[in-house]
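In what follows, a single structure is set out as structure tokens and then discussed.
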Amino acid sequence: MEKLLENQVALVTGASSGIGYGVARSLAEAGAAVVLNYHSHAEAAEKLADEIVQGGGAALAVQADVSDPAQVEHLFDACRERFETVDIVIANSGVQKDAAFADMTLEDWQTVLATNLTGQFLSAQAAVKEFRRRGPRAISKALGKIICMSSVHEVIPWAGHVNYAASKGGIQMFMKSLAQEVAPERIRVNSIAPGAIRTPINKDAWDTETALKKLLQLIPYGRVGEAEDIGKAAVWLASDESDYVVGTTLFVDGGMTLYPGFADNG
Ligand code: NAI
Ligand code: BGC
């Protein structure tokens with residue numbers, strides 16, 4: 001059976017857990033060679049890389065802090081050294097540092113912006129430079145694909161999380177402006193905006209019965225999402241199946257952005 005991402009090289013940032021881990025696995029299943037960036041938890045990234053290789057694929061785990069320009073440069077050097085280039089970049093790394101507004105420290109504000117927004121800027125900038133350097137390849141209609149991991153909180157305000165919501169709101173215009181700038185070169189830039197996905201970042205929201213019941217009130221489709229749901233969307237968005245999709249945010253959220261509070265006559 002033809003694999004959608006055969007002969008392509010994908011870089012996934014923050015691939016040692018949660019959504020990044022699931023996306024990396026899905027891309028590998030679709031035939032891509034995968035570079036798994038991790039910040040902490042080297043074991044998890046190494047283990048996934050081993051699994052992919054054992055399954056007949058190609059993978060490499062590389063440590064880098066995406067908020068540090070020199071480390072992002074090192075990450076792309078590692079892609080070039082091992083796989084000669086990169087075709088797909090999934091800028092996924094992200095953190096939450098939640099606090100009531102008046103208690104939020106400047107450090108918590110800056111850490112979230114540095115990882116979630118500056119990290120995507122640095123990753124996407126290195127990607128654009130690499131796509132231009134190596135020129136077109138016969139394996140895809142696009143010169144390269146960038147997928148920003150946004151969130152439903154690029155549009156849903158989130159009290160107690162102003163740093164996080166500001167970072168995701170920022171990604172919305174970052175992605176669209178970049179997509180507009182590089183589309184003429186056939187670089188496709190899009191976002192995925194997940195709803196509540198079962199990962200370590202939001203464990204408090206789903207790991208007790210009470211919390212889960214409350215969370216499910218926000219999800220019309222009636223279940224919490226899994227990393228695999230995002231993995232499948234990422235494969236499609238990275239493949240030529242979505243070749244005419246440019247500058248779009250794909251919401252994968254079980255209907256969380258449908259204002260579920262209005263379902264019963266408002
Ligand atoms: P997670 O906590 O499991 O994964 C976050 C990943 O980012 C980890 O691998 C972590 O090591 C990495 N990371 C953190 N700081 C980093 C840095 N400075 N450099 C490189 N990597 C770094 O959480 P999850 O849920 O998998 O989050 C992944 C992305 O998905 C984030 O951008 C998050 O905002 C987004 N997201 C998650 C949702 C959810 O419900 N789980 C919903 C919407 C968006
Ligand atoms: C957050 C999660 C939250 C989800 C839905 C994500 O962006 O990281 O903590 O569960 O949005 O609110």
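The values are calculated or read from the model by the stated rules, or taken from the named source; none is laboratory data. Bear in mind that the values here come from a model prediction, so they are computed numbers and not experimental data. Methodologically, a virtual Cβ is constructed for each residue, glycine included, from the backbone with ideal geometry; neighbour enumeration extends over all protein chains shown. Quick note on the areas: whole protein, heavy atoms, side chains included, nothing else; ligands and nucleic acids left out. Shrake-Rupley method; radii C 1.70, N 1.55, O 1.52, S 1.80 Å.
Structure data summary
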read-out: Accessible area of the chain divided out per residue, in Å², using a probe of 1.4 angstrom; value: 49 Å²
read-out: Difference of contour (0.36 nm per residue) and Cα-Cα distance, K3 to A44; value: 12.2 nm
read-out: Accessible area of F251 in the full protein assembly, 1.4 Å probe (Å², nearest 10); value: 70 Å²
read-out: Rounded accessible area of V252 (nearest 10 Å², 1.4 Å probe); value: 30 Å²
read-out: For peptides 65-71, 161-167, sequence by mean Cβ density within 10 Å, most packed first; value: 161-167, 65-71
read-out: Built amide H within the under 5 Å cut-off of A32, gap 5+; value: L5
read-out: Burial ranking of peptide ranges 178-189, 47-58 (average Cβ count within 10 Å, highest at the top); value: 178-189, 47-58
read-out: Amide H partners (placed H, <5 Å) of V252, local residues excluded; value: A193, G195
read-out: Packing rank of 79-92, 105-118, where each peptide gets the mean count of other beta carbons within 10 Å, highest leading; value: 79-92, 105-118
read-out: Between the stretch 11-35 and the stretch 204-231, the alpha-carbon center distance in angstrom; value: 22 Å
read-out: Heavy-atom SASA rank of L4, L75, L212 (probe 1.4 Å, accessible area, largest first); value: L4, L212, L75
read-out: Tilt relative to the chain, helix 227-238 - C-alpha long axis, 0 to 90 degrees, to 10; value: 50 degrees
read-out: Net length gained if the chain between A70 and K129 were fully extended (0.36 nm per residue, minus Cα distance); value: 19.8 nm
read-out: Subset of K97/K203; K168/K203; K47/K97; K97/K214 violating a 23 Å alpha-carbon distance limit; value: K47/K97
read-out: Cα centroid of the stretch 78-119 to Cα centroid of the stretch 234-266, whole Å; value: 22 Å
read-out: Cα centre as origin, Lys/Arg/Asp/Glu Cβ charges: the chain dipole, Debye; value: 580 debye
